[in-house]
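Please treat every number below as a calculation from the coordinates, not as lab data. Just so you know, these numbers come straight off a predicted model, no measurement behind them. Please note: Cβ atoms are built from the backbone with ideal geometry, for glycine as well, and neighbour counts cover all protein chains shown.
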Amino acid sequence: MKLVSHIYREHEQLAIYHDGLLYNMDQLHPELPNTMGMFLNYWDDVIGIAQRANSAILNGEINPGKAVAYEGASLLAPVPFPTSCRDGYAFRQHVASARRNRGVEMIPEFDQFPIFYFTNHNSIQGPGPVHCMPDHFEQLDFELECAIVINRYGRNIPAAEADAYIGGLMIMNDLSARRLQMEEMKLSLGPAKGKDFSTVLGPWLVTTDELMPYEVPAKQNHVGKNWNLQMTCTVNGQQLSLGNLSDMDWTFAEIIERCSYGVTLHPGDVIGSGTVGTGCLLELNGTGKLNNPDFIPQWLQPNDVVSMTIDGLGTLTNTIVAEETDWSLLKLKKH
């Protein structure tokens, strides 16, 4: 089941996507919530109703006359107002490549426990334009990731039980202003302003039952589900990134275990996977420079179109837009 959040008659509306149409929840069954936040909070009560409605749509039993065309709809992030947003660091290939490019050894702690950071859950957005400030264009980067959303309350959740807390998967673009990020992290705090301006989710949330054919075992000595889903990113139609979700070393279940230690996870909490190998310009530029001293680094520019595709999860497309201002934090630095 593919769940889409969009603006309908000036209000947030949750819908089931099928074959180019959006079937609004409140038109499918009177007990179905019309927002993702409510749907996640009442997950155990409503998921069965929604799955039956989805089956009826797939079988042609629901009149599409009242459905809304997906093309042209005012799309939000599938989870437009997450209760929190954490981002993990699950792909060893990305971490090892980035450290190699900086001339430092692979950090052994990566293989000991999964880590994450909190990002700005009020800067979540869906497909469409991403507005960036002048400082953001000082090495503006995409990051190709997958994200999950938590579907029920839980605390001290063992990894062996954690997959039951995953409502679904969606594409995540963790946009990064690398110059701001690198400068502030010299102070051993962050990332902050290098990350908090935009995190993109979309185009829909795919429930885990629909992804069962893609399930593969976790890597050796790891616990939880993984999925064989190819991941790509293009900029202006040129493919730059290629990976697979099954390359995750730490599973979402293991990340949930750590996140929930001494902490209650809430329905609507979003957790990202971290960047897949080759999944950002920082890594690609470093590898290019390592292999060729004359390599010219590439960063995102105004009007660039970034499209991310993950098998089974769709395609998430955003256009980078420059704010009409010269306001700069970098110019405010003390000397």
So, with points 7 Å from each Cα along the Cβ direction, the residue 219-residue 26 label distance in nm works out to 4.6 nm
Extension length gain for residue 7 and residue 81 (0.36 nm per residue less Cα distance), in nm, is 25.3 nm
Within region 109-141, the residues whose backbone N lies under 18 Å from a label point placed 7 Å from the Cα of residue 328 along the Cα-to-Cβ direction are 132-141
So the number of lysine pairs in the chain with alpha-carbon atoms under 16 angstrom apart, 8 or more residues apart or on different chains, is 5
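State, as an integer percentage, the relative contact order of region 13-147 based on alpha-carbon contacts under 8 Å between residues 6 or more apart.
That works out to 22 percent.
With the contact rule set at Cα under 8 Å and sequence spacing of 6 or more, what percent relative contact order holds for the chain? Please list the in-between numbers first.
Numbers: 782 pairs, mean separation 77.5, N = 335.
Result for the chain is 23 percent.
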Note, residue 225: beta-carbon cut-off 10 Å, +1 each Lys/Arg, -1 each Asp/Glu, net -2
Length gained if residue 61 through residue 182 is fully extended, taking 0.36 nm per residue and subtracting the Cα-Cα distance, is 38.1 nm
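Starting from the Cα-Cα distance between residue 117 and residue 52, subtract it from 0.36 nm times their residue separation and give me the gain in nm to one decimal.
The residue 117-residue 52 span can extend by a further 19.7 nm.
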Within region 204-241, the residues whose backbone N lies under 15 Å from a label point placed 7 Å from the Cα of residue 96 along the Cα-to-Cβ direction are 219-220
Quick note, region 2-75: a/c under 1.5 would make it rounded; otherwise a/b > b/c is prolate and the rest oblate (a ≥ b ≥ c, C-alpha gyration tensor); here it is oblate
Ranked output for segments 209-216, 125-132 by mean other Cβ atoms within 10 Å, highest leading, reads 125-132, 209-216
Output ordering of 88-94, 114-120, 197-203 (per-residue mean of other Cβ within 10 Å, highest first) is 197-203, 88-94, 114-120
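Exactly which chymotrypsin sites (Phe, Trp or Tyr not before Pro) in region 261-335 are in a DSSP loop and have at most 16 other Cβ atoms within 10 Å?
Here the chymotrypsin sites (Phe, Trp or Tyr not before Pro) that fit, given the DSSP loop and packing criteria, are 261, 295, 327.
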